Amino acid sequence: KILTDSMARMRHVPLWSLTFLLLACLPSETDALAVMSVDLGSESMKIAIVKPGVPMEIVLNKESQRKTPVTVALKENERLFGDSAMGMSIKNPKIALRYFQDLLGKHIDNPQVTLYRWRFPQHELVKDERRQTVIFKLSHEMQYSPEEILAMVLNYSRGLAEEFAEQPVKDAVITVPVYFNQAERRAVLHAAQMADLKVLQLINDNTAVALNYGVFRRKDINATAQNIMFYDMGAGSTVCTIVTYQTVKTKDSGTQPQLQIRGVGFDRTLGGLEMEYRLRDYLVKLFNKQQPSKDVRQNLRAMAKLLKEANRLKTILSANADHAAQIEGLLDDVDFKAKVSRQEFEDLCSDLFQRVPGPVLQALSSAEMNLDEIDQVILVGGATRVPKVQEVLLKAVGKDELGKNINADEAAAMGAVYQAAALSKAFKVKPFIVRDAAIFPIQVEFTREVEEQDKSKSLKHNKRILFQRMAPYPQRKVITFNRYTDDFEFYVNYGDLAFLSQDDLQAFGSLNLTTVKLRGVGDSFRKHSDYESKGIKAHFNMDESGVLSLDQVESVFETVVEDKPEEESTLTSKYTLKSTLSGSCVPLFKIFVASEMVLQIDVFIYPGVASLTQDPKEKEESGKEEEVSKSPGDSTATKMEEKKLKVPKKQKLVDEISVELDVRDVLDLLEEELKSSVKKLQDLTVRDLEKQEREKSANSLEAFIFETQDKLYQEEYQFVSTEEQRGEISRKLSEASNWMEEEGYRATTKELKEKLSELKKLCRSLFFRVEERRKWPDRLNALENLLNHSNIFLKGARMIPEADQIFTEVELSTLEKAINETVTWKNETLAEQNKLPPTEKPTLLSKDIELKIAALDREVQYLLNKAKFAKPRPKKEKNTTKTDSGKNATAPPDSEKIIPPKEEKGEVNRSLQLRGPATEKCLGWNGSCGPFNTNARTEEGELVVTLFTCNIDPSEGVTN
């Protein structure tokens, strides 16, 4: 009944208002949370956040820097991150881990692992026997996988973000190099899982840069395609990306800007780090030449110092023609100094500069484009600041200039955090469509029996492309197997990687991804032997992170069923939808009610005016028209329509097939291994927090000892204490100081806090007396001013004439009593305090003065508020005027008349009503006048009401 009544009323309600109501009922997101992005570079990381009121901001680290070195130093009893860990890489290179991202998802025999061992010989790398991957061995007890090291960095980055955002941060978008394969991407996800970080998406760093570029140039994007090339040379690698920007039409949001990754080229080892190693080796030769009796290569600390100096030298040579490398006490207290020119640096890296155009050619080849189609080339990454790189690249692309209108360091982090806000449910951002591309093709391979012409059977190996090179993702694909009726297996492998060089292929790792074994296929066919098979369908999904997964495998069958005529419900024909204009319609919503009878109501949006009607007469007339239009010639058509209704329908049956996956590239972590890693990292975090708490307690105790010892010699402390009291405190402080030097380094956090609490208790009365004397002048001065103002107010209130008096005698007497009591208390307490020596506990307390001030101020404020809202007594108005002859006459009807407002109990704001030509009168009072026009239309005609608000000048004689 409620439903039918509502629908009956709905005929008078516009459809747009119904839509508004539906939207208004949707649940709203009330708890807005911050989201973050982490741009994981080879050398440093940048962190950005979005939180309510702070759109897209780079997070500063503890040193107030906008980027943080990706370095972890693992000591026996503490961990260091960022700049602190970088400092430790010079003092103790063995415990400082850097550039470990190159080891993610790699077997120990990978060429990338060999290169890492050459670059960082101080680290011992051992093999994980089950996964055949790499483990850092710092000691027998301290062994960590690259995923665990990365998890430590991610957890540290979240700590920085939470401190900056001042709220918990759980969701993140993490950038990864575009050339990361499936194993490397899964390794990053494992690391985030260990850090208890929810990954909204793994976004390719080049895509994040392109998104940042497009978001801030949204107005420049139109239907005409713009092709932009981003050349990103960082510390570890180089990536060239071709991106197409244009607006496209979407079903949900209308016309929106879109970026599409068209082509990608990369070089895994071409970057600033390789240049630094060339410079370091050159400095090694110069030092060994200066000191023939010494070999600096045998000292790890000296080599770390040289690598750091090479980094500084590379940066300076980008802006200067030459510079002197200088290191104090490089080896055995021997200083090193040598002058290096930019030309020498370029000669050292000449073969590297020859590789600069390589990624450009790869990107053009994958995009099937030429340089003439590229509108602009934009530089990204720190290593692109090297002049020779820009010179070679400019010649390779054939442009007049290279674009430098993007933040080379922070573009990826800012683009990734925009994506994080778009994916988060807590924020609403302007849509920007991102169509990323998978640069490595993936295919499905399987073997089946085929019958030859001589009726012999042979095995045939088949390949089906699942995702082609540069295929957009996220995307779902379905592969159908039609020739299998029993259990079988197939393989998911990488496709043709001929576009990679031999070195890249070796570093890529295994080309086999997964072996998929299907169980239950034969049982499914035997169970549905009467059904027609439509094949075995495998559903694949490449998600937003570029990670491939097999969602499900199902066996599909079909059978024919007879179509039974459905009885029409009396309720379904009760309502009809009537449109006054013809045109297409779009369903807006449906209402279903489950009861004894089923009611289904479809509401549509028509281009014309639509209304929901109930018209039984119309139904009868239409029935008569149908009877009249029937003729013998129409019987054939009627029969054909009946036959069409009896066409049998096909019913679909689906059986889920169980799947066994055998990973062939790099084995995933087992559940027990993952839990063990999580616990290991949590224990380290707890240990770090406990250590920080202990250090904080020790610093607080030490600071209190030194500060209090200094205070004992200050005049104000000596004035309120005796020699014996100061001596006792000084003795206790000296004992605590000696204890800190002898036993404090072994003391627990609890012991340090107890020692501090004991000293504070000893000094509490001394500090209290000093603090009270500091507060007395201000508090007493405030009390004295309040007493003076209260007396003045009281005298003024008593001078008000009786006819106009707004205060009662009780109210004025109460105020007078409060003033007198406050004055008496002040005088008596001050006299008592003056009798006490300064070393005794004071009688005059600042909190008591504050209470007296509050009590007296409360009485005064009560009377002030009453005076503020009090209403003057109305004056009698004269409705008649006296003529010169002394006779009374009424005023003309069009003259100005002031109508006082109606007196109502509790009324605060009074208004002035004017009759007659109100505008001229109002302006004549030299006041400002603001009209508020209210137009109300009635059936009889139009009523116009004009209200004025006037600021009346009291000098004109108008008091109200």
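The values are calculated or read from the model by the stated rules, or taken from the named source; none is laboratory data. Given the structure is predicted, the values throughout are model-derived calculations rather than measurements. Ideal geometry is used to build each Cβ from the backbone, glycine not excepted, and the neighbour counts take in all protein chains shown.
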task: Report yes if residue 499 is of a type in the set (A, V, I, L, M, F, W, C), assigned to a loop (DSSP other than H, G, I, E, B) and not assigned by TED's automatic domain parsing to the domain that holds residue 240, otherwise no.
output: yes
First in the range 107-121 and closer than 19 Å to residue 272 by Cα, second anywhere and of a type in the set (Gly, Ala, Ser), Cβ under 6 Å, 6 or more apart: 112/507
Flag for residue 267 being of a type in the set (Asp, Glu) and more than 25 Å from residue 357 (Cβ to Cβ): no
task: Among the residues of the range 199-211, write down those that are in a helix (DSSP H, G or I) and under 15 Å from the mean Cα position of the chain (by Cα).
output: 208
message: Yes or no: the range 830-843 includes at least one residue that is farther than 30 Å from residue 724 by Cβ, β-branched (Val, Ile, Thr) and at pLDDT 90 or above.
response: no
- prompt: Of all residues in the range 502-553, which are hydroxyl-bearing (Ser, Thr, Tyr), surrounded by 15 or more Cβ atoms within 10 Å (Cβ to Cβ) and not in a strand (DSSP E or B)?
  reply: 510, 524, 531, 545
message: On the basis of being part of a loop (DSSP other than H, G, I, E, B) and hydrophobic (A, V, I, L, M, F, W, C), does residue 356 make the cut?
response: yes
- prompt: Counting only residues that are aliphatic (A, V, I, L, M) and outside any loop (DSSP other than H, G, I, E, B), which one in the range 359-369 is farthest from residue 282 (Cα to Cα)?
  reply: 367
field: Within the range 304-338, considering residues that are of a type in the set (A, V, I, L, M, F, W, C) and without any contact (Cβ under 8 Å) to a residue 24 or more places away in the chain, the one nearest to residue 387 (Cα to Cα)
entry: 319
message: What are the pairs with Cβ atoms under 7 angstrom where one residue, in the range 765-783, is of a type in the set (A, V, I, L, M, F, W, C) and the other, located anywhere, is outside any helix (DSSP H, G or I)? Sequence gap at least six, or different chains.
response: 766/720; 766/721; 770/720; 776/844
- line: Residue count, the range 71-113, condition part of a helix (DSSP H, G or I) and among the polar types (S, T, N, Q), comes to 4
- prompt: Do we find a residue being assigned by TED's automatic domain parsing to the domain that holds residue 505, touching a residue at least 40 places away in the same chain (Cβ under 8 Å) and among the basic types (Lys, Arg) anywhere in the range 442-451?
  reply: yes
statement: Expected single match for outside the structural domain of residue 238 (by TED's automatic domain parsing) and either over 27 Å from residue 43 (Cα atoms) or assigned to a helix (DSSP H, G or I) (or both) among 372, 351 is 351
- prompt: With (1) under 27 Å from residue 408 (Cβ atoms); (2) aromatic (Phe, Trp, Tyr); (3) in contact (Cβ under 8 Å) with a residue 40 or more places away in the chain as the list, and residue 245 as the residue in question, which single condition is left unmet?
  reply: (3)
task: Search the range 495-550 for residues being of a type in the set (S, T, N, Q) and touching a Lys or Arg at 6+ places or on another chain (Cβ under 9 Å), and hand back the single one that is farthest from residue 106 (Cα to Cα).
output: 541
- prompt: What is the one condition in (1) surrounded by fewer than 19 Cβ atoms within 10 Å (Cβ to Cβ); (2) of a type outside the set (Gly, Ala, Ser); (3) more than 28 Å from residue 57 (Cβ to Cβ) that residue 385 does not satisfy?
  reply: (3)
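Do the conditions hold for residue 80, that is, is it within 27 Å of residue 682 (Cα to Cα) and buried (at least 18 other Cβ atoms within 10 Å of the Cβ)?
Yes; evaluated as a whole, the condition is true for this residue.
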message: So, residue 182, is that one buried (at least 23 other Cβ atoms within 10 Å of the Cβ) and touching a strand residue (DSSP E or B) at 6+ places or on another chain (Cβ under 8 Å) or not?
response: yes
